Amino acid sequence: MVDTGRHFPGRLLPKPVCPPKILGMPGLLAVENLTHTYPDGTKALSGVSLTLKPGEIVSVIGLSGAGKSTMLRCINGLIRPTSGRVEFEGQAVKWDTSSLRRLRRKIAMIFQHFNLIGNLSVLSNVLMGRLGYQACWMQALYRFAERDRQIAIAALDKMGLLNEWHKKARELSGGQQQRVGVARALAQEPKLLLADEPVSSLDPLTADTVLGHFVKIVRREGLAALMNLHAVELARKYSDRIIGVREGQGVWRGLPAELTTSVLRGIYGEEYGA
Amino acid sequence: MVLREKTAMTALPQADRPYGRVAVFVRWLIGLALVTYAALAVIHTEFNPLKLLAGAASAREILGQIVHPDWSILPQLLRLMNETVEMALIGTLLAILISFPLSFLAAKNLMLGTLAGRAVYAVVRLVFNVLRAFEPMLLALLFVLMVGIGPFPGVLALGLHSVGMLGKLFSESIEAIDPGPVEAIQACGGNRFQVIWYGVLPQVAPAFLAFSIYRWDINIRMSIILGIVGAGGIGYYLLQYLNLVQYRKVSTAFILILVVVTALDYASAWLRTRLGQA
């Protein structure tokens, strides 16, 4: 009974009259009634709620512009929500700089366009994951503690990129670049991974390989992951639960097996599959 | 005959011309005004190719001396040329030192977030614009009056003008960065300093280096001219030789300047290509 919104396939959630009682429940992440309106008046989120248990992999699907990316960025405070609450490990997220910095150590993010620094080596890019822990006096010198280096090297090894460590990030293929992105996220030693369209800029085959690799490691390390996915098949294949978002609201929650064509029409519109 | 067949032609739809006739008339008027102004300018500038022919006679004597450069002064000129290059180097380094930190304060994408940031941005931008507006020649005249004749006023003039130029170029390359890595550093828990040092700096470093080399290159050429107002280097002596009608020495100086400037120009272009910032 964590997600009160578990409905049968094909039935869309009605707009909640009162927010579902999810705060204070044992879980890793709870998002309640999150809204965000951009300065230009665009309403990106209008009351999204979700929960995540430790070790759970949840996918968010929906049209481009449905608010998936904004929701992810509200969770680690890259975007400040207009209203609503985010709770991580039972603690309400505070919006001051130092609290956010501590929060972001535990929540890593993977991006659609990898967001690597092309001029720097693969290892340096992975070391960026340690910036949240870096000692003050080392900040200006591009130096990291030996412990940080060991963690970064281990993360590279997990993603099978050890031999590439000295290459410049921009010299790698798309699939390799995203694996560097994952290694950087793992180097943070996070509890939760947010993945914003992690494989959308890769070809279908590479996308499946990279996401499969990612999910395998998330499972092995017992981490939780919340991923925005474009490809419905990948969401079905790799997640424990799926959330459908439409026009800034959660409209469906269910298991991968329950994701039928009629459900997808409810999420993506009547044109889906037509 | 077939080509003229009327049925094959498609008529263009009538385009909207709200100010049709008036616009055409105004355009003609502007064209006419420009031609008239150019004609007046020819008269005012006493543009007269015949004068050039008349001057050819006196040029023959000068040319006669110029083709026989006086190589005995070469060691002295080399020392002066070196002084010119050093002036440009120190001027450029001074400018880099000042404009590097300031350029971050003049980048829209870093500063426009807060009200205080906007104010700092506006002030630093204004400083850059003002410094650029002062030609190094004017600045050198001013500094020669302040600190006396020699290479030091030249260094100050080049440095100050270059702060404006480099500051503008640096801050514009900061504005052109990919915001993705910045977001990534923030998401990793990086603080403000780390975001700039690790997210912005690696992206702009090659451009900064290329702009700095290019600036040194320009400053070498400029510092030759600065010598003419007494701000050190080879330019000062070039003016002396011209005043004393010693065309054989002028010739040596010209050749040396040509060789050094060309060589450094190629070196700077090669370096910048290596940095991927041609």
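Please treat every number below as a calculation from the coordinates, not as lab data. Since we're looking at a predicted model, the values are computed, not measured. All Cβ positions, glycine included, derive from the backbone under ideal geometry; neighbour counts span all protein chains shown.
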Item to check | Virtual spin-label span in nm between B:T36 and B:L271, 7 Å along Cα→Cβ | outcome: 5.2
Checklist entry - Using the C-alpha atoms of the protein assembly as shown, what convex hull volume per residue, in cubic angstrom, is computed? => result 311
Checklist entry - What ranking do B:C188, A:C136 get, fewest neighbouring Cβ atoms within 10 angstrom at the top? => result A:C136, B:C188
Checklist entry - When chain B is modelled as a GNM with alpha-carbon springs shorter than 10 Å, which of B:L256, B:L242, B:L12 fluctuates the most? => result B:L12
Checklist entry - Taking only the alpha-carbon positions of the stretch A:27-82 and ignoring solvent, what does the Debye formula give for the base-10 log of I(q)/I(0) at q = 0.13, 0.17, 0.28 Å⁻¹? => result -0.32, -0.54, -1.28
Next on the checklist: Helix check for chain B. Which DSSP H runs span at least 18 Å along their own axis by Cα, with a mean Kyte-Doolittle hydropathy no less than -1.0?
Outcome noted: B:20-44, B:49-66, B:74-105, B:115-133, B:151-175, B:201-226, B:247-274
Checklist entry - Out of A:A207, A:I267, A:L123, whose Cα points farthest toward the positive end of the dipole of chain A (charges: +1 Lys, Arg; -1 Asp, Glu; placed on Cβ)? => result A:L123
Checklist entry - Using the Cβ atoms and a cut-off under 14 Å, what net charge is assigned to the surroundings of B:V124, where Lys and Arg are +1 and Asp and Glu are -1? => result +3
Checklist entry - Considering only B:P101, B:V182, B:L201, whose Cα is most displaced toward the positive end of the charge dipole of the stretch B:92-222, charges sitting on Cβ of Lys, Arg (+1) and Asp, Glu (-1)? => result B:P101
Checklist outcome for this item: To the nearest 20 debye, the stretch B:70-277 has a Cα-centred charge dipole, built from +1 on Lys and Arg Cβ and -1 on Asp and Glu Cβ, of 140
Item to check | Choice from B:V155, B:V259, B:V163 with maximal GNM fluctuation in chain B (Cα, 10 Å cutoff) | outcome: B:V259
Checklist entry - Is chain B rounded, prolate or oblate when judged by the Cα gyration tensor, a ≥ b ≥ c being the square roots of its eigenvalues, rounded requiring a/c under 1.5 and prolate requiring a/b larger than b/c? => result oblate
Next on the checklist: For Cα pairs less than 8 Å apart in space and 6+ apart in sequence, what is the mean separation divided by the residue count of chain A, i.e. the relative contact order in percent?
Outcome noted: 28
Next on the checklist: Under 12 Å from a point placed 7 Å out from the Cα of B:N109 along the Cα-to-Cβ direction: which residues of the stretch A:55-98 have their backbone N that close?
Outcome noted: none
Next on the checklist: For a quick check, take a GNM of chain A with Cα springs below 10 Å and name the residue from A:T206, A:T42, A:T261 with the largest mean-square fluctuation.
Outcome noted: A:T42
Checklist entry - How far apart, in nm, are two points set 7 Å out from the Cα along the Cα-to-Cβ line at A:Q91 and at A:E270? => result 5.0
Checklist entry - With contacts defined as alpha carbon pairs under 8 Å and 6 or more residues apart, what's the relative contact order of chain B in percent? => result 25
Item to check | Student exercise, the protein assembly as shown dipole from Lys, Arg, Asp, Glu Cβ charges, in Debye to nearest 20 | outcome: 860
Item to check | Order of A:I243, B:I213, A:I153 - criterion: other Cβ atoms within 10 Å of each residue's Cβ, fewest first | outcome: A:I153, B:I213, A:I243
Checklist entry - Efficiency by 1/(1 + (r/R0)^6): what FRET value for B:L258 and B:S58, r their Cβ-Cβ distance, R0 = 22 Å, to the nearest 0.05? => result 0.40
